[in-house]
Structure formats: C-alpha cells, structure tokens
Amino acid sequence: MPRTMILDYGGYHHCAKRVREQLAWEETLQLEIWGEIVSQKIGNQIRFVMLENAPNDRVEKMLKLADEMELGDKNNREGMIAKVYFNTLYGMEFTRDDEDYLVNAAMNYGYAILRAAVARAVVGQGLLPLYGVFHKNEYNAFNLVDDLMEPFRPLMDCWLNKNVLVGQEYLTYELRLKIISFLTQPIRSNGKISDINKVIDRYVISFVSAMNNKDIGLLDVIDLQDFVEVME
C-alpha cells in the first residue's frame, strides 16, 4: 500500500531564505554534523542494550566499532553496529526483512510515526526535506528527515520493548495507539521535562542553528537515559 505524507510546506516565514542557506551548507560541515547525529544514535543503542543486560562482549563490540568510525561514517560503522544491536536484542537469526514478525511490524509502524513527526518539524523550519546531509537517495523525498530521526530510533525501540511487545502476538489497534502515544511521552531536555514532540521541534531548530553557524556543538543531544528516567 502506498504511503502518502501531506505537509504544509511554505508556512515558515522566511522559507526562500532558509532554502538558500540549506543549499549552501558546506560538504565538510555536512559530514561533521552527520557524524554527531549518528554518534548520538549509536550511543543510545549502546545504552539500550546495556539496559537490557546485554553480554559484555556484545557491548564491547559495539563500542569498538563506534571508535573506528571515520568522518561522515564513510566506513559504514553505523550499519555494522545496527546488526550487532538487533541481533543482541532479538537473537542471531533476527533480520529487519520479516514484516510478519511482531517486532518488525511494531518497529516499522513506530518509525513511520516518528518519521512523520520529524518531517513536520523539518518543514516547519522551512527546510527542504529531500536535501539530506547523509541520505542522498534521488528517489527519497525525505532524506533530511531520515537523517534527523536517527537519534530517536533507539528511544522508540525502548518504548516498544517496555510498553508494546511484552506478551503480545499481533499488532492490534490498541497497540498502534500505544505506539502513537510515544510522541507525547515525557523526556528530560536541557534540564526540563518536555515531551518527545517538542524535543523533536527543538532538535531540528538546533540542527539549523548548528549548520548556519558552522558549529556542531549547537546541536541538541538526544540521550536515551533522559527518556528512560522519566518514561511513564
């Protein structure tokens, strides 16, 4: 079934200026910001497997791969870590290809919800969602969205494991509603309790600030621990 996402593009008050800024981002800066984004994702994956009492050798393997990551992850350490991550959580035979498997069905639904929320925030800041800093697929209209949602994926994984997958066999209507409620869950951000939706908005704003000021230190940090400590 085709999926359609309708976005109110053009609502940002200086959208033409924002697009000119976006198209002028330097390639080296794009590689640097992607390194920070994917490092946040990997850090959250490592924290999650540790919360799930993963064997030390699996955690150490992920840490070692993370240390080997090159600028812009040109050596694809993210993909290697993802394989270790999912196999550690769900078994060595697990793959993301089996859509009939409840874990995959829940993740696919959860990631779609997360992607839509990030897309709304991206367009709300006048950005072109198709112009990514890492994802560059010519057939993908949401490359930048797929970049910026990465640190939030392990948070969704954690939410699914703790609140959706326990004792379930099918992705029911009620479970889908539970997955959607992820966006309104509390998270500590910059010392205050907020919700995921608002933190996504601020993350995108911080991303724009980091890129336009050429300072990746301005990018907000998304930390799984800040979610777990206040998770309902």
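The values are calculated or read from the model by the stated rules, or taken from the named source; none is laboratory data. Note that the structure is a prediction, hence the values are computed from the model and not measured. Cβ sites come from the backbone with ideal geometry, for glycine too, and all protein chains shown count toward neighbours. Just so you know, the surface numbers come from the protein's heavy atoms only, side chains and all, with ligands and any DNA or RNA stripped out. Shrake-Rupley method; radii C 1.70, N 1.55, O 1.52, S 1.80 Å.
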| query | Stretch D195-K136 to full length: gain in nm at 0.36 nm per residue minus the Cα-Cα span? | reply | 18.3 nm
| Cα gyration tensor, the stretch 97-232 - rounded (a/c under 1.5), prolate or oblate | oblate
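State the percentage of accessible surface on the stretch 135-232 attributable to carbon and sulfur atoms; use a 1.4 Å probe and exclude ligands, DNA and RNA.
50
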| query | Can you give the calculated 222 nm mean residue ellipticity of the chain, where each DSSP H run of n ≥ 4 adds -39,500 (n - 2.57) and the sum is split over every residue, rounded to the nearest 500 deg cm²/dmol? | reply | -18000 deg cm²/dmol
| message | Once you order the gyration tensor axes a ≥ b ≥ c over the Cα atoms, which shape class does the stretch 1-130 get: rounded for a/c under 1.5, otherwise prolate or oblate by comparing a/b with b/c? | response | oblate
| On average, how much accessible surface per residue is there in the chain, in Å², for a 1.4 Å probe, leaving out ligands, DNA and RNA? | 52
| task | Only loop residues by DSSP count here, and only those with at most 16 other Cβ atoms within 10 Å; note down the GluC sites (Glu not before Pro) in the stretch 73-105 that meet that. | result | E93, E99
| query | Where does each of R77, R176 land when they are ordered by accessible area, with a 1.4 Å probe and the largest first? | reply | R176, R77
| request: Identify all aspartates and glutamates with a Cα-Cα distance to K17 below 18 Å; exclude those on the same chain that are fewer than 8 residues away in sequence. | output: D8, E26
| task | Compute the Cα gyration tensor for the stretch 66-126, then decide on rounded, prolate or oblate, letting a ≥ b ≥ c be the square roots of its eigenvalues: rounded whenever a/c is under 1.5, prolate when a/b is larger than b/c in the other cases, and oblate in all that remain. | result | oblate
| Dipole magnitude (debye, nearest 20) for the stretch 30-186, charges at Cβ of Lys, Arg, Asp, Glu | 380
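Express in nm, to one decimal, how much length is gained between N53 and Q125 on full extension, taking 0.36 nm for each residue of separation and deducting their alpha carbon distance. Please report the intermediate quantities before stating the final value.
On the way: separation 72, 0.36 × 72 = 25.92 nm, distance 3.92 nm.
Contour length minus Cα-Cα distance gives 22.0 nm.
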| message | At a threshold of 8 angstrom on Cα-Cα distance, excluding pairs fewer than six apart, so keeping six or more, what relative contact order does the chain reach in percent? | response | 24
| query | Taking a 24 Å limit on the Cα-Cα distance, which of the listed pairs K83/K136; K41/K136; K61/K192; K74/K214; K136/K178 fall beyond it? | reply | K61/K192; K136/K178
| Residue-level accessible surface for Y101, protein heavy atoms, 1.4 Å, Å² | 90
